[in-house]
Amino acid sequence: VSFSLSLSLSLSRSDPLASSSKGSFISRIKMGLSFAKLFSRLFAKKEMRILMVGLDAAGKTTILYKLKLGEIVTTIPTIGFNVETVEYKNISFTVWDVGGQDKIRPLWRHYFQNTQGLIFVVDSNDRDRVVEARDELHRMLNEDELRDAVLLVFANKQDLPNAMNAAEITDKLGLHSLRQRHWYIQSTCATTGEGLYEGLDWLSNNIANKA
């Protein structure tokens, strides 16, 4: 580009064709730079911080590594946290999977800061603890640091015969009472991956709309 510019500038100033050619050439360079900036904005990866929580044995870690690796991994109860970067479409999700055992749930609040999206994973087959799940969810949503976070509920383990469907879980979690919150519930099966990427699509669209 610099070589071509020097040739154009060396042409006679009195030659109107040379002047016109030079102006046209510089205009094309400016237009090219403008398009380059536009494409860099369109195609640059957007980074999003996602917190994934839920009661123990809901399937959080299985979901995380299904998204990260595309395969099922053998998991043990998470005592602290797992964190992975999941690349999907044009989004780079940093996903924090925090242990769900009752003794360590008070630690959840230490991960709230700067969270843009909250994934709450529910074991759809665990009817005995769905009220406990509801209480933990609403307790979190009352935290000031999560006031702007969008909520995605994964109704997991839909492959099990006695699993509650998404409508039933919506009712039992009291999601319709969340009038000031962007929320969505997605039926999922962590072992097959069914529903997981539909959930990420919703997250990316709704976080982008709030940005």
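The values are calculated or read from the model by the stated rules, or taken from the named source; none is laboratory data. As the structure is a computational prediction, the values presented were derived from the model and not from experiment. All Cβ positions, even for glycine, are placed from backbone atoms using ideal geometry, and neighbour counts span all protein chains on display.
Here are some notes:
One line per residue, one yes/no per condition, for (1) assigned to a loop (DSSP other than H, G, I, E, B); (2) in contact (Cβ under 8 Å) with a residue 24 or more places away in the chain; (3) in the same structural domain as residue 162 (by TED's automatic domain parsing); (4) hydrophobic (A, V, I, L, M, F, W, C):
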position: 75; (1), (2), (3), (4): yes, no, yes, no
position: 83; (1), (2), (3), (4): no, no, yes, yes
position: 100; (1), (2), (3), (4): yes, yes, yes, no
position: 122; (1), (2), (3), (4): no, yes, yes, yes
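- Search result, residues across the range 173-184 that are in contact with a helix residue (DSSP H, G or I) (Cβ under 8 Å, 6 or more places away or on another chain) and exposed (fewer than 15 other Cβ atoms within 10 Å of the Cβ): 174, 176, 178
- Filter result (of a type in the set (Gly, Ala, Ser), closer than 19 Å to residue 139 by Cβ and in contact with a Pro (Cβ under 8 Å, 6 or more places away or on another chain)) within the range 49-99: 99
- Exactly one residue out of 100, 117 is modelled with pLDDT under 85, buried (at least 18 other Cβ atoms within 10 Å of the Cβ) and in contact with a helix residue (DSSP H, G or I) (Cβ under 9 Å, 6 or more places away or on another chain), and it is 100.
- Residue 92, sole failed condition from (1) among the small types (Gly, Ala, Ser); (2) in a helix (DSSP H, G or I); (3) farther than 26 Å from residue 165 by Cβ: (2)
- Some residue of the range 47-58 being modelled with pLDDT of 70 or more, β-branched (Val, Ile, Thr), assigned by TED's automatic domain parsing to the domain that holds residue 111 and assigned to a helix (DSSP H, G or I): no
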